[in-house]
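Chemist: Structure provided below as structure tokens; questions to follow.
The values are calculated or read from the model by the stated rules, or taken from the named source; none is laboratory data. Since we're looking at a predicted model, the values are computed, not measured. Positions of Cβ are generated from backbone atoms using ideal geometry, with glycine treated the same way; all protein chains shown enter the neighbour counts.
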Amino acid sequence: MEAAIATIAEVGYRNASFARIAKRAGLSSTGLISYHFTSRDELIQQVVAEVVGAIGRFMAERVARADGAAEALRAYIEGNVEFIGAHRAEMKALLEIFMNGGFVYDNTTEQAVVSPIENILRAGQDSGQFRPFDPMVMATLIQRAVDGLPFLLAAKPSIDLQSYATEVATVFDLATRADR
């Protein structure tokens, strides 16, 4: 998987052939890859599943440690930025796959991505930490701020990620907090 991710990140989705991945992995032929994957599409889907799964596990652990909805929201935003910064090749590969049609992002995917944020927001509203607003709209805005970061990193790889995380978390703290 590491060789596939690195190859996609380096040469792009369209140019990431079994041969290039095998070469990157130090294999003498593509036989071992084709033994495990019947097609390039199957390999690509496994790359997506591995990266998305890693994000999900990382984020679940970060958010679970939070005390209250406001802290959970900050942990969600900062955790995503931290993951993206620490896994640039994986995120670049995922971006390549996404931008070239190798990953179908449909309504089911959107709901799976946004619903954990909606749950945090609803919990915050129920506890009085957050003001009234449409949780679906706010969750979508939060997710777009987070999943837009790989695009920004492609254009400006030296961006200060800590500053980015702080600013985004502050924006949504101000946007969600209840009047005090």
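Chemist: Could you give every pair whose Cβ atoms fall below 8 Å, whose first residue belongs to region 135-161 and is in contact (Cβ under 8 Å) with a residue 24 or more places away in the chain, and whose second residue is surrounded by fewer than 15 Cβ atoms within 10 Å (Cβ to Cβ) and polar (S, T, N, Q), counting only separations of at least 6 or pairs across chains?
Modeler: Here the result reads Ala139/Ser115, each pair linking region 135-161 to a residue that is surrounded by fewer than 15 Cβ atoms within 10 Å (Cβ to Cβ) and polar (S, T, N, Q).
Chemist: Here is a follow-up. Is region 132-149 home to any residue that is in a helix (DSSP H, G or I) and farther than 23 Å from Gly68 by Cα?
Modeler: Yes, because at least one residue in region 132-149 is in a helix (DSSP H, G or I) and farther than 23 Å from Gly68 by Cα.
Chemist: List the helices (runs of 4 or more DSSP H) that sit entirely inside region 1-100 and contain at least 3 residues that are modelled with pLDDT of 90 or more and either under 11 Å from the mean Cα position of the chain (by Cα) or not hydroxyl-bearing (Ser, Thr, Tyr) (or both).
Modeler: Of the helices (runs of 4 or more DSSP H) lying wholly inside region 1-100, those with at least 3 residues that are modelled with pLDDT of 90 or more and either under 11 Å from the mean Cα position of the chain (by Cα) or not hydroxyl-bearing (Ser, Thr, Tyr) (or both) span 2-11, 18-25, 40-64, 69-86, 88-99.
Chemist: Can you tell me which residue within region 116-170, out of those that are of a type in the set (Lys, Arg) and over 25 Å from Glu61 (Cβ atoms), is surrounded by the fewest Cβ atoms within 10 Å (Cβ to Cβ)?
Modeler: Of everything passing the filter in region 116-170, Lys156 is surrounded by the fewest Cβ atoms within 10 Å (Cβ to Cβ).
Chemist: Is it the case, given these coordinates, that Tyr13 is buried (at least 19 other Cβ atoms within 10 Å of the Cβ) and either without any contact (Cβ under 8 Å) to a residue 40 or more places away in the chain or of a type outside the set (Gly, Ala, Ser) (or both)?
Modeler: yes
Chemist: Could you list, in sequence order, the residues of region 1-47 that are among the aromatic types (Phe, Trp, Tyr) and closer than 13 Å to Glu96 by Cβ?
Modeler: Tyr13
Chemist: Another question, then. Within region 81-109, how many residues are aromatic (Phe, Trp, Tyr) and either surrounded by fewer than 16 Cβ atoms within 10 Å (Cβ to Cβ) or without any contact (Cβ under 8 Å) to a residue 12 or more places away in the chain (or both)?
Modeler: 2
Chemist: Does Ala123 count as assigned to a helix (DSSP H, G or I) and in contact (Cβ under 8 Å) with a residue 24 or more places away in the chain?
Modeler: The answer is yes for Ala123.
Chemist: Collect the residues in region 141-155 that are over 14 Å from the mean Cα position of the chain (by Cα) and either modelled with pLDDT of 95 or more or polar (S, T, N, Q) (or both), keeping them in residue-number order.
Modeler: Listed by number, the list holds a single entry, Leu141.
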